[in-house]
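Okay, so here's the structure we're looking at.
Values in this text are rule-based calculations from the coordinates and carry no lab data. These numbers come from a predicted model, not from an experiment. Note that we place each Cβ from the backbone using ideal geometry, even for glycine, and neighbour counts take in every protein chain shown.
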Amino acid sequence: MSTQQSTDPNRVIIFDTTLRDGEQSPGCSMNLEEKLRIAKQLEGMGVDVIEAGFPIASPGDFEAVNEIAKVIKDAVVCGLARSGNMDVDAAGEALKPAERKRVHTFISTSPLHMSVKLQMDPEDVHQAVIDSVTRARKYTDDVEWSAEDGTRTEHDFLCRCIESAIDAGATTINIPDTVGYTVPTEYAALIEMVMNRVPNVDKARISVHCHNDLGLAVANSLAAVSAGARQVECTINGIGERAGNASMEEIVMALRTRHDVMPFVNNIDTTEITKASRMLSGITGFNVQPNKAIVGANAFAHEAGIHQDGVLKDASTYEIMTPESVGLVQSKLVLGKHSGRHAFNEKLKELGYDLGDNAKQDAFRRFKDLADLKKDVFDEDIVALVDDEVMHAGERIKVVSLEINCGTVHTPPKASLTLEVDGEEKFCDGTGDGPVDAAFNCIKELFPHDTNLQLYQVHAVTQGTDAQAEVSVRLEENGKTVNGQGADTDTMVASVKAYVHALNKLLVEREKTAPAALSA
């Protein structure tokens with residue numbers, strides 16, 4: 001059903017901006033293949049609108065929006081644009097292949113932003129609203145307009161701009177809490193004020209986009225829905241600039257779990273939530289904190305004795321939703337070294353992977369190698385294995401071999417590393433303060449670069465001394481940060497994979513020069 005044709009007054013449109021606002025998180029840049037994977041997952045779980053990117057930002061962003069527009073059929077594909085003609089035209093052109101498309105244009109409306117950032121008079125801003133929406137309508141009849149820093153905008157001016165945007169053809173009006181400043185009661189009152197004062201507000205859907213600087217993004221979004229908003233803009237795992245955006249999984253499960261006090265419906269298949277969360281975490285290298293609501297490792301864990309006793313008697317004593325409702329299913333099939341191809345393929349289906357024949361063969365080969373090293377191969381191992389394979393496919397720099405000598409008898413530690421760089425193998429012997437330092441020094445010698453290592457983090461995929469290590473690395477270069485991940489039963493191999501993954505993403509990031517003011 002079209003987002004504009006939905007007639008249920010309690011229907012809440014889920015607008016996901018993981019690929020746009022979420023990707024603006026430091027280190028969260030994704031390549032084209034990764035963006036396509038996320039977009040397909042979002043469509044599969046029932047997201048209504050996918051904000052695919054900011055086409056004017058770079059050729060890479062334009063290409064990503066354009067390619068997503070070609071493959072997504074059920075969801076609306078959206079492109080962001082500032083109020084300038086070049087921005088709007090870039091979004092319109094990138095979205096041309098989409099079966100269902102939306103141009104999302106914005107401009108700041110708060111006194112602070114207008115005077116300091118834009119250096120524009122309110123009258124000029126008001127005219128820019130009209131001009132940008134009018135221009136966007138040349139490309140599609142589904143146009144969204146956002147009042148950046150809407151929660152700090154004077155009410156009279158906000159209402160005037162909204163009325164003019166709707167008159168110019170906007171069908172969705174977004175009132176974002178751009179800097180995460182508002183609180184639920186205040187935000188609900190703002191939404192009610194707009195709905196009561198703007199005379200033509202019935203011709204558009206009111207949307208909300210909340211940032212989490214005070215930890216209130218989800219609460220503010222839900223308060224706005226209760227006050228009459230019918231679109232929520234959010235991201236998987238709550239990723240986004242600064243403290244992030246409203247978390248899609250938290251909003252959706254709150255609406256589902258507390259339907260008694262929030263009688264609203266949406267189109268999300270909640271059993272796909274865990275898969276989406278893990279996929280995004282694997283691609284970005286942003287691990288979900290254990291106590292994160294809905295998708296954290298401890299979200300359904302019970303350690304206190306009194307809690308365990310209650311859950312054993314009746315899970316509802318301490319669980320307000322079931323693990324199965326968010327796609328967290330206890331595995332019934334644990335694989336090992338004697339498991340065959342059929343069992344492995346069934347496990348891939350169970351975990352939601354749809355791989356081609358060649359990819360399946362490669363994954364099965366790596367599974368057999370892993371099973372030789374581990375007695376039991378758990379779901380988390382398979383996820384790490386497949387995601388690691390997908391993450392490193394098509395990279396310019398690849399790990400060929402690594403040997404480490406370290407310990408009390410090897411001083412200083414030594415690394416022997418072979419990398420394939422643009423198809424050519426290169427070898428290095430290097431030393432360092434420790435084995436990780438020695439290996440990373442080799443990478444720098446084989447592919448010279450000047451970056452700062454901001455994060456090096458190791459965690460075990462499963463329990464046990466034979467567990468795979470999953471390593472996250474964050475590199476910074478000239479203000480741009482990227483995250484890389486690698487997984488292996490050998491921590492040093494995982495470390496080198498993670499560094500090389502980050503370096504490959506940095507090569508992509510070097511080609512991107514995003515314009516200012518992306519924070520609507």
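Here is how the numbers come out for the structure above:
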quantity: Cα centroid of region 368-438 to Cα centroid of region 42-109, whole Å; calculated: 38 Å
quantity: Neighbour-count order for Cys406, Cys28, Cys78, fewest beta carbons within 10 angstrom listed first; calculated: Cys406, Cys28, Cys78
quantity: Cα-centre dipole for region 361-512 with unit charges at Cβ (Lys and Arg positive, Asp and Glu negative), debye to 20; calculated: 200 debye
quantity: Neighbour-limited loop hits for trypsin sites (Lys or Arg not before Pro), region 337-372 (at most 16 other Cβ within 10 Å; DSSP other than H, G, I, E, B); calculated: Lys337
quantity: Ranked Cys159, Cys234, criterion: other C-beta atoms within 10 Å, fewest first; calculated: Cys159, Cys234
quantity: Of Thr431, Ala415, Val473, farthest towards positive along the dipole that unit charges on Lys, Arg, Asp, Glu beta carbons give region 397-509; calculated: Val473
quantity: 15 Å beta-carbon shell around Ala227, net charge (K/R +1, D/E -1); calculated: 0
quantity: Test item: Cα-centred dipole of region 151-282, Lys/Arg +1 and Asp/Glu -1 on Cβ, debye; calculated: 220 debye
quantity: Computed lengthening from Lys203 to Ala243, 0.36 nm per intervening residue step minus Cα-Cα distance; calculated: 11.1 nm
quantity: At most 11 other Cβ within 10 Å, DSSP loop - chymotrypsin sites (Phe, Trp or Tyr not before Pro), region 433-517; calculated: none
quantity: C-alpha long axis of helix 379-391 to longest principal axis of the chain, angle in °; calculated: 80 degrees
quantity: Partnerless Cys - the chain, beta-carbon criterion under 4.7 Å; calculated: Cys28, Cys78, Cys159, Cys161, Cys210, Cys234, Cys406
quantity: Cα-based helix-to-principal-axis angle, 357-373 vs the chain, degrees rounded to 10; calculated: 50 degrees
quantity: Calculated [θ] (222 nm, deg cm²/dmol) that DSSP helices of n ≥ 4 give over the chain, each run adding -39,500 (n - 2.57); calculated: -11500 deg cm²/dmol
quantity: Candidate lysines for bridging to Lys414, where Cα separation is under 29 Å - those fewer than 8 sequence places away on the same chain excluded; calculated: Lys374, Lys398, Lys426, Lys444, Lys497, Lys505
quantity: Cβ-based exposure ranking for Ser281, Ser146, in which fewest neighbours within 10 Å come first; calculated: Ser281, Ser146
quantity: Within the chain: Cβ-based charge dipole about Cα centre, in debye rounded to nearest 20 (Lys, Arg +1; Asp, Glu -1); calculated: 620 debye
quantity: Lysines whose Cα lies under 19 Å from that of Lys368, excluding same-chain neighbours fewer than 8 positions away; calculated: Lys337, Lys347, Lys349, Lys360
